[in-house]
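The values are calculated or read from the model by the stated rules, or taken from the named source; none is laboratory data. Bear in mind that the values here come from a model prediction, so they are computed numbers and not experimental data. A quick note on method: Cβ atoms are made from the backbone with ideal geometry, for glycine too, and the neighbour counts reach across all protein chains shown. When the accessible area is computed, the model is the full protein with side chains, heavy atoms only, and any ligands, DNA or RNA have been set aside. Shrake-Rupley method; radii C 1.70, N 1.55, O 1.52, S 1.80 Å.
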Amino acid sequence: MTDLAAKVAFLRRPESYPGNVPEVEAIETHMAWVFLAGDRAYKMKKPVRYRFLDFSTLEARRHDCEEEVRLNRRLSPDIYQGLVPLTSGLPGLSLGGDAEPVEWLVVMKRLPREGMLDRVITDQRVDTAEVEPAAELLAEFFARQPAEPMDPEAYVERLRQEVDENATEIPAHAFRLSSAVRRSADALRSFLDQEAELLGDRVRSGRVIEGHGDLRPEHVFLGPPPAAIDCLEFERRFRLLDPAQELAFLGLECERLGAPWIGRSFLEAYCSTARDFPPDRLVAFYAAHCGLLRAKIAIWHLEEDVPDPEHWVDKCSRYLDSATRHAHRALGR
């Protein structure tokens, strides 16, 4: 067996790739390594196991790579090229070939970083005309997805369980945030109690679909042509969402970066295309719900040996503030 360090060392070398690759940029995430080499990006899953996924076997990682390509081609068909094996034989590791696969990598066309929505926002060079093609792409995608068969009461109960789980985990890592968690979670629970019929109607009207699952500005490429990458591929139930929730999440993240109007533009494009007009209070609830989830994900970093734990506590706190504000707006407060 070839260990992860040896695989990473090999993939850091420019000569490991086809063509004349002058240099390789390696980016580590919680679940993967990404290697930017020439005009391609290569993504290798880590052999990790979390409460929500298990990549501990080569077969599991291969299957997840296949799913990542299949699912992401829905919104970026020209970007996801396929899979390539990392093989081990004589004289050693090789990218491709007929020897024994020891790893599988997703191969992507490399996108210019300056075209991603988060970069455009932070550089303060985004305008309506630039946003429209990406908004139309997502609107058409959401509008054409088939409705997901689901019990309306089960949908509401799932949301309630998610609120409870998110609210339970944060104080376990940062007790001083307990009161902030309680404020946002209590407001979300109040909405669920008062508006269960509205939420159930989203299911009854066919508005819950298999979507993207992780629609953040850093995953939206403005083009040309526009695309959305890095969908949440490892667990289908996390992709079963109301488009209003996906777009509320995107809006929340655009707001965090200082451009709330962009989220509204994406939502308006969807409403026009799908002829679906979710009430403002529903969108506000979804934004609050996503804010509490992002707060939990931020605080999860304290489970690891991070150099600046206070950064993640502060980030969690900011998400909690956003969640409370949107939840109160949903309740008309």
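Spacing of the modelled spin labels on Arg189 and Arg13, each 7 Å from Cα toward Cβ, amounts to 5.8 nm. Between the alpha-carbon centres of the range 178-252 and the range 7-38 there is a gap of 33 Å. Per-residue 3J(HN,Hα) values for the range 6-22, derived from phi via the Karplus relation 6.51 cos²θ - 1.76 cosθ + 1.60 with θ = phi - 60°, read 5, 5, 5, 4, 5, 6, 6, 8, x, 6, 6, 10, x, x, 9, 8, x Hz in sequence order (x marks Gly and Pro).
Placing dummy labels 7 Å off each Cα toward the beta-carbon, the span from Trp261 to Arg73 is 3.9 nm. Accessible surface of Glu310, taken over heavy atoms with a 1.4 Å probe and every protein chain present, rounds to 80 Å².
Once you order the gyration tensor axes a ≥ b ≥ c over the Cα atoms, which shape class does the range 211-333 get: rounded for a/c under 1.5, otherwise prolate or oblate by comparing a/b with b/c? Since a/c reaches 1.5 but b/c is at least a/b, the shape of the range 211-333 is classed as oblate. Solvent-accessible area of the chain (1.4 angstrom probe, protein heavy atoms only): carbon and sulfur portion equals 50 percent. For the range 222-239, 3J(HN,Hα) computed residue by residue from phi via the Karplus equation (6.51, -1.76, 1.60; θ = phi - 60°) reads 6, x, x, x, x, 7, 10, 10, 6, 5, 7, 9, 7, 8, 4, 4, 6, 9 Hz, glycine and proline entered as x. By the gyration tensor of its Cα atoms, with a ≥ b ≥ c the square roots of the eigenvalues, what is the shape of the range 115-168: rounded for a/c under 1.5, prolate for a/b over b/c, or oblate? Because a/c hits 1.5 or more and a/b fails to exceed b/c, the range 115-168 counts as oblate. Distant-in-sequence amide contacts of Phe55, defined by a placed amide H-H separation under 5 Å and a gap of 5 or more residues or a different chain, comprise Val48, Arg49, Tyr50. For the range 293-333, the mean projected area of the C-alpha convex hull, equal to one quarter of the hull surface, is 2.7 nm².
In sequence order, the range 183-199 has phi-based couplings of 4, 5, 5, 5, 5, 5, 5, 4, 5, 4, 5, 7, 10, 4, 5, 4, 5 Hz under the Karplus curve 6.51 cos²θ - 1.76 cosθ + 1.60, θ = phi - 60°, and Gly or Pro positions carry x. For the range 1-96, the square roots of the Cα gyration tensor eigenvalues, ordered a ≥ b ≥ c, give a/c of at least 1.5 with a/b no greater than b/c, which places it in the oblate category. Among the listed pairs Lys7/Lys315; Lys45/Lys109; Lys109/Lys315, which are separated by more than 27 Å between their Cα atoms? Violating the 27 Å limit, Cα to Cα: Lys7/Lys315; Lys109/Lys315. When you restrict to C-alpha pairs under 8 Å that are six or more residues apart and normalise by the size of the chain, the relative contact order lands at 16 percent. Using protein chains only and a probe of 1.4 angstrom, how many square angstrom of Met116 are accessible, to the nearest 10? Here the residue's solvent-accessible area equals roughly 10 Å².
Assuming charge only on the beta carbon of Lys and Arg (+1) and of Asp and Glu (-1), the dipole of the chain about its Cα centre is about 300 debye to the nearest 20.
Each of Pro91, Val24, Val34 was placed along the dipole of the range 16-97 (beta-carbon charges, centred on the mean Cα), and the one lying farthest toward the positive end is Val34. Compute the acute angle (0 to 90°) between the alpha-carbon long axis of helix 243-256 and the principal axis of greatest extent of the alpha-carbon atoms of the chain; round to the nearest 10°. Computed tilt is about 80 degrees.
Once the 1.4 Å probe is applied to the protein heavy atoms, the chain comes out at 47 Å² accessible per residue.
Under a Gaussian network description of the chain, with springs only between Cα atoms under 10 Å, the residue in Ile299, Ile121, Ile27 that fluctuates furthest is Ile27.
In this rough spin-label picture, where each label sits 7 Å from Cα along the Cβ direction, the Thr168-Glu140 distance is 4.4 nm.
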